[in-house]
Amino acid sequence: MPFTQSLPSALSPSRLEDFQRCPRRYQYASIERRRQPATYATVKGRVVHQVLESLFNVDADARTTEVAWSALPGALDAVLSEDVRADLALDDELARRLRDDAARVVANYFSMEDPSAVRVEGVELRLRVTVDGAPLLGILDRLDRDDHDELVIVDYKTGSLPSRSFDTATFANTELYAALCESTLGERPTRIRLLYVTHGEAIERAVSAVVIDARARAASAAWARITRYYEAGQFPATPSRNACRFCPYTAVCRESGVAVVAG
Ligand code: SF4
């Protein structure tokens, strides 16, 4: 049966990740637009991202801890909508814990770099481009210019540090941002910096033309499959322990008869 909802107008790196984990998850999130309930971790991540965005929206010499702390209440207000409060069953104690945890992560950030010394090219930079027939859209946390005048993609991570064996998967998403940057701005970033602000650790990797090309081709191939499944009226489910463990749609998937793999 054909979908009544329209196909999204673009594919973002995070939606691509959904699709690569399990096409059915992409169907639920991006075609049926089912709401993903907020979790404590995602909410904390959004608050921290918002504070850091505010910090880089002021002049370099004004990027102080005071500015970050003053942005925290506004970020909490913006993120904690009625729906999100209900998802978290937020009471005063949990709200205090969230504020303190977010403040700790922002303090960690200040131990990692001096924001007044960063040359920023863009914050929350929205890039949209068609690559090999695939409409791609990405929002970069930050794009810097380093001491050699090269572009560097900076992505804030509020989750756990990846294990070494997952290096390639860790960078895959951000390497697609590099492809977007090159196509949109006409200049290839030379490095990616992932700032694991919860742990105060940064992981860096150089970006090559070969990798960018491979990521763009993978996205384009995925878009062709998305279009095909959309026209066919169903995206296949590919349950696996890794894919299902953190999937927000396990209940709906089970109801539709899929043998979901328990985490
Ligand atoms: S529960 Fe598993 S099979 Fe179902 S959509 Fe999520 S990842 Fe796919």
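The values are calculated or read from the model by the stated rules, or taken from the named source; none is laboratory data. From a predicted model like this one, the values you see are computed outputs, not experimental measurements. Note that each Cβ is placed from the backbone with ideal geometry, even for glycine, and that neighbours are counted across all protein chains shown. Heavy atoms of the whole protein, side chains included, go into the accessibility calculation; ligands, DNA and RNA do not. Shrake-Rupley method; radii C 1.70, N 1.55, O 1.52, S 1.80 Å.
See the values below:
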read-out	value
Selection from segment 214-241 of residues that are near the ligand (Cβ under 10 Å from one of its atoms) and under 21 Å from the mean Cα position of the chain (by Cα)	none
Criterion: open to solvent by less than 20 Å² (accessible area, probe 1.4 Å) and either free of Cβ contacts under 8 Å to residues at least 60 places away in the same chain or not assigned by TED's automatic domain parsing to the domain that holds V105 (or both) - qualifying residue of A206, A222	A222
Odd one out for C244, checked against (1) within 12 Å of the ligand (Cβ to nearest atom); (2) open to solvent by less than 30 Å² (accessible area, probe 1.4 Å); (3) on the phi > 0 side of the Ramachandran plot	(3)
Among the candidates R225, R217, residue that is basic (K, R) and modelled with pLDDT of 95 or more	R225
Lone qualifier among R24, R33 - being crowded, with 19+ Cβ neighbours inside 10 Å, farther than 19 Å from S111 by Cβ and not acidic (D, E)	R24
S111 of a type in the set (S, T, Y), farther than 30 Å from Q234 by Cβ and either more than 16 Å from the ligand (Cβ to nearest atom) or open to solvent by less than 30 Å² (accessible area, probe 1.4 Å) (or both)	yes
Residue among V197, V258, V211, V252 that alone is away from the ligand (no atom under 16 Å from the Cβ) and either polar (S, T, N, Q) or in contact (Cβ under 8 Å) with a residue 40 or more places away in the chain (or both)	V197
Search result, residues across segment 36-68 that are of a type in the set (G, A, S), surrounded by fewer than 19 Cβ atoms within 10 Å (Cβ to Cβ) and closer than 18 Å to Y196 by Cβ	A41
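Residue-by-condition table, conditions (1) of a type in the set (A, V, I, L, M, F, W, C); (2) over 15 Å from the mean Cα position of the chain (by Cα):
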{"site": "S70", "(1), (2)": "no, yes"}
{"site": "D77", "(1), (2)": "no, yes"}
{"site": "D100", "(1), (2)": "no, yes"}
{"site": "V129", "(1), (2)": "yes, yes"}
{"site": "R142", "(1), (2)": "no, no"}
{"site": "V152", "(1), (2)": "yes, yes"}
{"site": "S163", "(1), (2)": "no, yes"}
